[in-house]
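Trainee: Take a look at the following structure, please.
The values are calculated or read from the model by the stated rules, or taken from the named source; none is laboratory data. The structure presented is a predicted model; accordingly, all values stated were derived computationally and were not measured. In this analysis, Cβ positions are derived from the backbone assuming ideal geometry, glycine residues included, and neighbour counts consider all displayed protein chains. These area figures cover heavy atoms from the full protein model, side chains too; ligands, DNA and RNA do not enter into them. Shrake-Rupley method; radii C 1.70, N 1.55, O 1.52, S 1.80 Å.
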Amino acid sequence: MATIGYARVSTAGQSLDVQQDALREAGCERVFAEKKSGRRAADRTALADALEFVREGDTFLVTKLDRLARSVIDLHQIVDRLAAKGVGFRVLQQSGIDTTTSTGKLTLGILAAVAEFEADIRAERQRDGIEAAKAKGVYKGRKPSVDQARIQKLLSEGKRPADVARELNCARSTVYRLAEAPPLEQKV
C-alpha cells in the first residue's frame, strides 16, 4: 500500500514546488506532476499515468480539489475510477473529503461544484475583459504564430502550399488562409 500524489498548475510560469513538497511531507512515495489546464482531465497525461499507476490499497492524494479537477463530471469520473481500483482518495487542504463515507461524498460534490463555478466565473470575466478591450480598440488578439509575409514569399517562389506548411510547421489551411488575406497591420 502506497501513497501516490498528483500536483498540477495551469501555466508553464507557475511552480509545482509547493504542492510537490506538501505531498512528499504527507508521505507520498511518488508524485506525478504537470503544467496543464485543469478544465479537462482527458488532456492531462501525468494524471492518466498516475491513475494507471495506482493499485488496490493505495491512497491517491492531492493538495486541493481544484488541482485534480475543475469539472464535477471529471471529478466524479476520476473518483469512481479510483474506487473501482480499490484506491482511497484524500485531499490535504480539505481534510473532510474521505470518499468512503456519505459525508465525505457530499463534501466532495459540493466542493467540486464550487470549483467548477469558480472556473466558469473566471472565464466570464476574461471574456468580458476581452470584449471591453476590443470596444476600446486596445485588444488585437494573440500575436500571429506564422509570418504571413514569409508564406506569401515562399508561395511566390513556386513552393506548393503543403511544402510551405511543412517548412513553417503549420497547417496547410493556415497557408491558404494567409496567402489570400490582406497583409496584417504592423504593430509598433
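Trainee: Heavy atoms only, probe 1.4 angstrom, no DNA, RNA or ligands counted: give me Leu51, Leu111 ranked by accessible area, highest first.
Mentor: Heavy-atom accessible area, descending, gives Leu111, Leu51.
Trainee: Roughly to the nearest percent, how much of the accessible area of the chain is carbon and sulfur, given a 1.4 Å probe?
Mentor: C and S fraction of accessible area: 51 percent.
Trainee: Would you please give the residues with an amide H less than 5 Å from that of Ala7, counting only those at least 5 places away or on a separate chain, with H modeled from the backbone geometry?
Mentor: Distant-sequence amide H within range of Ala7: Phe32, Ala33, Glu34.
Trainee: Give the residue from Gln126, Gly27, Ser37 lying farthest towards the positive end of the charge dipole for the chain; charges sit on Cβ (+1 for Lys and Arg, -1 for Asp and Glu) and the dipole is referred to the Cα centre.
Mentor: It is Gln126, whose Cα lies furthest towards the positive end.
Trainee: Would you mind computing, in nm to one decimal, how far apart the modelled labels at Glu25 and Lys153 are, each placed 7 Å from Cα along Cα→Cβ?
Mentor: 5.4 nm
Trainee: Could you go through segment 55-65 in sequence order and give the Karplus-derived ³J(HN,Hα) for each residue, using 6.51 cos²θ - 1.76 cosθ + 1.60 with θ = phi - 60°, rounded to whole Hz, and x for Gly and Pro?
Mentor: 10, 3, x, 6, 10, 9, 10, 10, 6, 9, 4
Trainee: Measure up Lys35/Lys143; Lys136/Lys159; Lys36/Lys134; Lys35/Lys140; Lys64/Lys134 against 31 Å on the Cα-Cα distance and list the ones that go over.
Mentor: The pairs that break the limit, which is 31 Å between Cα atoms, are Lys136/Lys159; Lys64/Lys134.
Trainee: Follow-up question, since we're still on this one. Which label marks the calculated value of Rg and Dmax of the Cα atoms in Å, given the options (1) 27.7, 103; (2) 22.7, 69; (3) 18.1, 63?
Mentor: Here the calculated entry is (2).
Trainee: When you count, for each residue, the other Cβ atoms within 10 Å and take the mean per peptide, how do 10-23, 55-68, 72-85 rank with the highest first?
Mentor: Highest to lowest by the protection proxy: 55-68, 72-85, 10-23.
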